[in-house]
Amino acid sequence: MQARAARFAAGRVSMHRVRLATWNVNSLPARMPRVLEWLARVQPEVLCLQETKVTAEAFPAAELERLGYAHVADGEGGRNGVAILSRVGLEGATRGFPGEPGAPITVEKAPAGTAPSLERRAIAATCAGVRVWSLYVPNGRSLDSPHFAYKLAWLAALRAAIEAELSACPQLALCGDFNVAPSDRDVWDPAAFIGSTHVTAEERAALEQLLQLGFTDVQPRALKGAPFTYWDYRAGMFHRGMGMRIDLVLLSHALAGGVGDAYIDRDARKGSKPSDHAPVVVDLDASV
DNA sequence: ATGGCCGACGAAGTCGGA
């Protein structure tokens, strides 16, 4: 910090405002009209996307470039897929992370001995001095599913990779759909989730161990109602306020002190053909 | 109050999501 202060005094470090956002769009091709409208309205410097459901080759780059956004993306079509959009530069992109486990193989669909397959759930890049990760944590499906063990293993491996990343990049932001509600306050009715994924002690412990590396779980304000980021499409859950906060922005201590406004853009969940998730927007000060 | 919605894939019905 003293070194940074000295560089700042010498004029080689400048503080700048970064509007950083994360949004599980549930298919970028299907969501492009909403995403383009949202970018033009909210004007984030950086947007992390999850569930893009599009390969890197088919990524709709041209329409985003017209709004001034460069991108890095990784995807497999059909499901999963992550990306980062930035209008303040993108450097040093990495896909996945060391030690990342693969998804369980459905026995009926694969020959015996088939190796678990890596999914496209993590991408990182440096944007204006901030190391940004866009993460899509596995769902887990049910407590007795192999996919639940995969979720926990994936989070444990992520923690190990992030521990190394944090020592190299003090200004570090972990953004995305964590598929974990950090506390009972983060679901509309804790009783309704007993026996379900997203709220178990194991999942919350895995998230807590990530936080204990030195991150703050930014608490965004709600535009209306409780500060949830996800509402199921079914049964009018959104209009009944029956949601969850599972999309998170975790900021390293070097960034957490510079947070200005932080909010969940509930309006993006309204209207025609919305994603089932709302974007989380965080204004922060970073230094270059 | 997860049967009930939505998207992908592919061209009808499943799967996955959380």
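Name the long-range amide H neighbours of A:TRP188: under 5 Å, sequence gap of 5 or more, or other chain; modelled H, no Pro or chain starts.
Distant-sequence amide H within range of A:TRP188: A:GLY243.
For the range A:20-162, state the average projected area of the convex hull of the C-alpha atoms over all orientations, rounded to one decimal in nm².
Working: hull surface 37.5 nm².
Projected over every direction and averaged, the Cα hull of the range A:20-162 covers 9.4 nm².
Kindly state, as a whole number, the per residue volume in cubic angstrom of the convex hull around the alpha carbon atoms of the range A:156-233. Don't skip to the answer; put the middle values down first.
Numbers: hull volume 8.7 nm³, N = 78.
So the per-residue Cα hull volume is 112 Å³.
For chain A, please report how many Lys pairs fall under 24 Å Cα to Cα, leaving out neighbours fewer than 8 apart on the same chain.
Values: A:LYS53/A:LYS109; A:LYS53/A:LYS151; A:LYS53/A:LYS270; A:LYS53/A:LYS273; A:LYS109/A:LYS151; A:LYS224/A:LYS270; A:LYS224/A:LYS273.
So the count of such lysine pairs works out to 7.
Per-residue HN-Hα couplings for the range A:223-240, Karplus 6.51 cos²θ - 1.76 cosθ + 1.60 at θ = phi - 60°, whole Hz, x for Gly and Pro?
In residue order, the calculated couplings are 6, 6, x, 7, x, 8, 10, 9, 9, 4, 5, 7, 6, x, 4, 4, 6, 8 Hz.
To the nearest 500 deg cm²/dmol, what mean residue ellipticity at 222 nm is calculated for chain A from DSSP H runs of n ≥ 4 alone, each contributing -39,500 (n - 2.57), summed and divided by the residues?
Working: 6 runs with 67 residues, N = 288.
Calculated at 222 nm, the ellipticity per residue is -7000 deg cm²/dmol.
Counting only C-alpha contacts under 8 Å and six or more residues apart, can you give the relative contact order of chain A as a whole percent? Don't skip to the end; give the middle numbers.
Numbers: 643 pairs, mean separation 58.0, N = 288.
Computed value for chain A: 20 percent relative contact order.
Work out the length of the dipole vector of chain A about its Cα centre, built from +1 on the beta-carbon of each Lys and Arg and -1 on the beta-carbon of each Asp and Glu, and round it to the nearest 20 debye. Numbers along the way, then the final one.
Numbers: 31 positive and 31 negative charges, 125 e Å.
The dipole magnitude comes to about 600 debye.
Per residue, what volume in Å³ does the Cα convex hull of chain A take up? Working shown, then result.
Values: hull volume 38.9 nm³, N = 288.
Measuring per residue, one finds 135 Å³ for the Cα hull of chain A.
Quick query: amide H of A:THR55 versus all other amide H atoms, modeled in the peptide plane; which residues come in under 5 Å with a sequence gap of 5 or more or a different chain?
A:GLY77
Quick check on packing: order A:213-220, A:62-69, A:49-56 by the mean number of other C-beta atoms within 10 Å, highest mean leading.
A:49-56, A:213-220, A:62-69
Can you tell me the 0 to 90 degree angle between the C-alpha axis of helix A:146-168 and the longest principal axis of chain A, rounded to 10?
Relative to chain A, helix A:146-168 is tipped by roughly 10 degrees.
Please list, in chain and number order, the residues 5+ apart from A:THR197 or on another chain whose amide H is under 5 Å from its amide H, with Hs placed from the backbone.
Close amide H contacts, sequence-distant or interchain: A:LEU143.
I'd like to compare A:26-39, A:243-256, A:182-195, A:82-95: which one has the highest average count of other Cβ atoms within 10 Å, and what's the full order after that? Intermediate results must be reported in sequence, preceding the final value.
On the way: A:26-39: 17.2, A:243-256: 22.7, A:182-195: 13.7, A:82-95: 19.4.
Highest-to-lowest ranking by the protection proxy: A:243-256, A:82-95, A:26-39, A:182-195.
Based on the alpha carbons, how large is the Rg to Rh ratio for the range A:197-286 when Rh follows Kirkwood? Provide the component values of the computation, followed by the final result.
On the way: Rg = 14.4 Å, Rh = 14.3 Å.
Rounded to two decimals, Rg/Rh equals 1.01.
Lone cysteines in chain A, defined as no other cysteine's Cβ under 4.7 Å from theirs: which are they?
A:CYS127, A:CYS169
Any idea what angle helix A:28-42 forms with the longest principal axis of chain A, computed on alpha-carbon atoms, 0 to 90 degrees, nearest 10?
On a 0 to 90 degree scale, this one is about 30.
Bear in mind that the values in this text are calculations on the coordinates, not laboratory data. The structure presented is a predicted model; accordingly, all values stated were derived computationally and were not measured. All Cβ positions, glycine included, derive from the backbone under ideal geometry; neighbour counts span all protein chains shown.
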